[in-house]
There are 2 protein chains.
Amino acid sequence: MSIDSLNDLFVEELKDLLSAEKQITKALPKMIKAANSPELQSAFEEHLALTEGHIERLEQVFERLGLAPEEKPCKGMAGLIEEGNELLKEAMAPSVKDAALISAAQRVEHYEMAVYGSLRTYAQLLGDIETAQILQSTLDEEGDADRKLTQLAEFSVNLQAAEADMEEVES
Amino acid sequence: MSIDSLNDLFVEELKDLLSAEKQITKALPKMIKAANSPELQSAFEEHLALTEGHIERLEQVFERLGLAPEEKPCKGMAGLIEEGNELLKEAMAPSVKDAALISAAQRVEHYEMAVYGSLRTYAQLLGDIETAQILQSTLDEEGDADRKLTQLAEFSVNLQAAEADMEEVES
């Protein structure tokens, strides 16, 4: 197929994003299981519920365009998830594993922010303000989720991991 | 190997990031060649120069830690670049290709922002404030580069792409 217009590109990236979101719903249960801190587990559980809502919003956008919600395998997200899975296999102190899980999750969040940002801009330029608003709602939620993870990292998980370093030094 | 401390995780992610930055220096010349708008070409050229500076900063951090600048193949970045390369192969109107290139570049920027943010926080928690500042300098530059790409997309490239849509409707 040939991508001749911004509208074609919008549809292509929408399919890519639907695949990315579906990959995330499959990866998150493993991350919940691997997390040690109850706060981090709750943050991931909350994000799984949010992601299901984001998929519904994308399906809504496909419907607005009169298209079936088709997926195009998203290789970017596949790489991020593969990287996260490798990490989960490594032997790691529990608090350090939590720090690593947060870092992996933030890469996923940032990927989504980049794509939702592009698609929101395309929808605006194409004059479809309602679609732009639907995409902006998800973009805002991804930003919030990212900030929550940073707070968890700074104030809880990483602090415990840094304490593990101190204990190592002291012992 | 076993990752027992936040310091170990810091070093692991540093190696991953060095690999990511090196992958970007190899991908950018192809993106410069593929870009149609002179403004976008300049933006990518500027980013290539910045990336070389970011690699030097990472090497500085390795030196501060008394380590050789080793790479760990970064699968996340490999996925993002593979996705970008596939895009470049598709038949696309020039202005639409520029919009797609910006979208691909912003995914790369966001990946880097996520990783530099995590590493900066780890360095702070490990009490290495100078390293945290070095990483923050790059994080700030990645953020600036991302904002410049958004402006290019909003005010120039996407506008031309949207005009191509209008022409298609009018013709």
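FYI, it's all coordinate maths here, none of it is from the lab. Given the structure is predicted, the values throughout are model-derived calculations rather than measurements. Positions of Cβ are backbone-derived with ideal geometry, glycine not excepted, and every protein chain shown enters the neighbour counts.
Answer rounded, prolate or oblate for region B:22-88, using the Cα gyration tensor with square roots of eigenvalues a ≥ b ≥ c: rounded when a/c is under 1.5, else prolate when a/b is larger than b/c, else oblate.
Oblate is the answer for region B:22-88, as a/c is 1.5 or above yet b/c matches or exceeds a/b.
For the pair B:ARG147/A:ASP140, report the inter-label distance in nm, with labels modelled 7 Å from Cα in the Cβ direction.
Label-label distance for B:ARG147 and A:ASP140, simple model: 2.2 nm.
So what's the back-of-envelope 222 nm ellipticity for chain A, counting only DSSP H runs of four-plus at -39500 (n - 2.57) apiece and dividing by all residues, rounded to 500?
-29000 deg cm²/dmol, from helical runs alone.
Considering only B:THR51, B:VAL61, B:TYR116, whose Cα is most displaced toward the positive end of the charge dipole of chain B, charges sitting on Cβ of Lys, Arg (+1) and Asp, Glu (-1)?
After comparing all options, I get B:VAL61.
Below 8 Å between Cα atoms, with a sequence gap of 6+, how large is the relative contact order for chain A in percent?
27 percent
Can you give the average number of partner chain beta-carbon atoms within 10 Å of each beta-carbon in peptide A:125-135, as a whole number?
2
Other chains' Cβ within 10 Å of A:95-108 residues: what's the mean? Could the numbers behind the result be given before it?
Details: counts 2, 10, 2, 0, 9, 6, 0, 2, 10, 3, 1, 7, 11, 3.
Whole-number average of other-chain Cβ neighbours for A:95-108 is 5.
Go through region A:80-91 residue by residue and turn each phi into a ³J(HN,Hα) via Karplus (6.51, -1.76, 1.60, θ = phi - 60°); whole Hz please, and just put x for glycine and proline.
So the Karplus estimates, Gly and Pro as x, are 5, 6, 4, 4, x, 5, 4, 4, 5, 7, 6, 5 Hz.
Give me a single rounded figure for B:68-75: the average over its residues of other chain Cβ atoms within 10 Å of their Cβ.
That works out to 2 on average.
To the nearest 20 debye, what is the magnitude of the charge dipole of region A:1-100 about its Cα centre, counting +1 on the Cβ of each Lys and Arg and -1 on the Cβ of each Asp and Glu?
About 320 debye.
Between beta-carbons, use under 12 Å as the cut-off and find the net charge around A:LYS75, counting Lys and Arg +1, Asp and Glu -1.
Net charge in that neighbourhood comes out at -2.
In terms of modelled amide H atoms, which long-range or inter-chain residues lie less than 5 Å from the amide H of A:CYS74?
A:ALA20
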